[in-house]
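The values are calculated or read from the model by the stated rules, or taken from the named source; none is laboratory data. As the structure is a computational prediction, the values presented were derived from the model and not from experiment. When we count neighbours, we look across all protein chains shown, and the Cβ atoms used for this are built from the backbone with ideal geometry, even at glycine.
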Amino acid sequence: MDENVKQKPILLLSCILILLFTAKFYLGFYQLHHPPYQAVFIKEGATWKSSFYSPINKDNKSYKELTESEEYEQQMFDRFAYTHMLNDIELTSCGDLLSRFAKKPRHLEYVDCTRFTHSQTIVAANYRVVGSHAIAIENYFIKNHNMPPLKVFRHTGYEPSGFGNIEVDALTRLNPYMSVYIEMGGYARKDPSYDKDGNEIYDFTLLEKEQVPYFTVTVSIMVI
């Protein structure tokens with residue numbers, strides 16, 4: 001029998017073994033319990049471990065309550081599966097976050113949503129409201145979501161003095177430091193005017209809230 005023919009099964013077996021070892025090192029499987037979800041993913045680094053779960057998510061524990069073995073499982077989940085999980089599940093997907101986790105007040109218009117990577121902010125949904133309804137929207141967030149009142153900044157207008165928030169149990173079971181935050185603001189400088197020589201006349205008088213064309217509201221899922 002030709003020597004090359006003899007070697008073909010050996011080469012084929014070698015290729016299969018290499019593929020299996022590669023798959024073992026770089027393919028993983030993770031499982032969530034709240035919400036129920038499981039998926040296969042490509043690990044961001046090589047490890048022999050292939051199955052991952054989060055004890056925090058499964059048993060609703062804090063980091064301090066984890067046993068030594070659970071702490072190891074959580075660390076491996078955070079290192080290899082956490083980012084994939086955030087991209088996979090609907091709970092942390094882009095969209096109208098305010099309607100998803102609370103109630104969107106009348107006159108507040110959803111604009112768009114942005115996903116972030118390597119940031120404390122996971123996703124941020126943007127909204128806008130015309131100035132004539134801005135006070136009602138501000139009061140709604142103050143009353144229902146503990147948002148501090150807007151502050152007046154002389155050079156720009158009305159800016160947030162802090163975040164409102166929405167506590168979502170399903171998010172804290174993914175990460176104890178994950179929550180939904182709300183901020184609001186509006187640019188209120190008047191259009192510039194000029195003297196007869198074309199020099200801008202600086203007028204720091206701000207528009208009243210009702211006169212501002214649009215206020216913006218940002219609702220973000222963040223880990224802080």
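The figures follow:
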| item | result |
| --- | --- |
| The one condition in (1) out of contact with any Leu (no Cβ under 8 Å at 6 or more places or on another chain); (2) exposed (fewer than 14 other Cβ atoms within 10 Å of the Cβ) that VAL40 fails to fulfil | (1) |
| All positions within segment 198-224 that are at pLDDT below 95, outside any loop (DSSP other than H, G, I, E, B) and aliphatic (A, V, I, L, M) | ILE201, LEU206, VAL223 |
| Residue in segment 120-139 that is among the acidic types (Asp, Glu) and either closer than 23 Å to MET178 by Cα or part of a loop (DSSP other than H, G, I, E, B) (or both) present | no |
| Unmet criterion (only one of (1) surrounded by 14 or more Cβ atoms within 10 Å (Cβ to Cβ); (2) among the β-branched types (Val, Ile, Thr); (3) in contact (Cβ under 8 Å) with a residue 24 or more places away in the chain) for VAL152 | (1) |
| Pairs, first within 25 Å of ILE137 (Cβ to Cβ) in segment 106-121, second surrounded by 11 or more Cβ atoms within 10 Å (Cβ to Cβ) and of a type in the set (Lys, Arg), C-beta under 8 Å, six or more apart | LEU108/ARG128; GLU109/ARG128; TYR110/LYS104; VAL111/ARG128 |
| Residue in segment 39-50 that is under 18 Å from TYR177 (Cα atoms) and either not in a helix (DSSP H, G or I) or not aliphatic (A, V, I, L, M) (or both) present | no |
| Selected residue (criterion: surrounded by the most Cβ atoms within 10 Å (Cβ to Cβ)) from residues of segment 160-194 that are free of Cβ contacts under 8 Å to residues at least 24 places away in the same chain and in a loop (DSSP other than H, G, I, E, B) | PHE163 |
| Residue ID - nearest to the chain's Cα centre (by Cα), chosen from residues in segment 11-22 that are under 16 Å from SER50 (Cα atoms) and surrounded by 11 or more Cβ atoms within 10 Å (Cβ to Cβ) | THR22 |
| Some residue of segment 81-99 being assigned to a strand (DSSP E or B), surrounded by 14 or more Cβ atoms within 10 Å (Cβ to Cβ) and among the aromatic types (Phe, Trp, Tyr) | no |
| Exclusive hit being over 30 Å from PRO213 (Cα atoms) and more than 19 Å from the chain's Cα centre (by Cα), set PHE141, PHE77, PHE52 | PHE52 |
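For (1) over 23 Å from LEU32 (Cβ atoms); (2) out of contact with any Lys or Arg (no Cβ under 8 Å at 6 or more places or on another chain); (3) of a type in the set (D, E, K, R), each residue gets a yes or a no:
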position	(1), (2), (3)
ARG100	no, yes, yes
VAL111	yes, no, no
HIS118	no, yes, no
ARG128	yes, yes, yes
PHE153	yes, yes, no
SER161	yes, no, no
ASP169	no, yes, yes
